[in-house]
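**Q** Below you will find the structure I want to go over with you.
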Amino acid sequence: MSDYPTDLSGLSGPELVRLLLDATNPPPTTDAERAEFFDFKARVFTTLAHRDENPTAEAIAARARADRDRLLARIEDQNRGGR
């Protein structure tokens, strides 16, 4: 399991950005690590979107969720013996 915090509600915008930047150092290397990162990124930007009613942040969160889902599908396919 990742070290990403589960409750982001009490963090300021700069704290959220710092956590997101820290999550890329070192960068995730496996599909599973990348999927966890994109899940975290989606949660960070969803928090920012709701806090500031920011449609750009919501769009970034949606892209991160799509990236996460794509990676999870690839992992599932590999586990079933796919390519």
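**Q** In 10 Å bins starting at 0, how do the alpha-carbon pair distances of the chain split up by percent?
**A** Going out from 0 Å in 10 Å bins, the chain shows 18, 47, 26, 7, 1 percent.
**Q** Let me ask another. Hey, any idea what % of the chain's accessible area is carbon plus sulfur with a 1.4 Å probe?
**A** Here carbon and sulfur together make up 54 percent of the probe-accessible area.
**Q** Using a 1.4 Å probe, what is the accessible area per residue for the chain, in Å²?
**A** On the way: 5560 Å² over 83 residues.
It amounts to 67 Å² per residue over the chain.
**Q** Which whole-number percent is the relative contact order of the chain (Cα, under 8 Å, 6+ apart)?
**A** It rounds to 28 percent for the chain.
**Q** Here is a follow-up. Build a GNM of the chain with springs between Cα atoms under 10 Å: which of L71, L20, L11 gets the top mean-square fluctuation?
**A** L11
The values are calculated or read from the model by the stated rules, or taken from the named source; none is laboratory data. All values derive from a computational prediction rather than experimental measurement. Note: accessible area is taken over every heavy atom of the protein model, side chains too, but ligands, DNA and RNA are not part of it. Shrake-Rupley method; radii C 1.70, N 1.55, O 1.52, S 1.80 Å.
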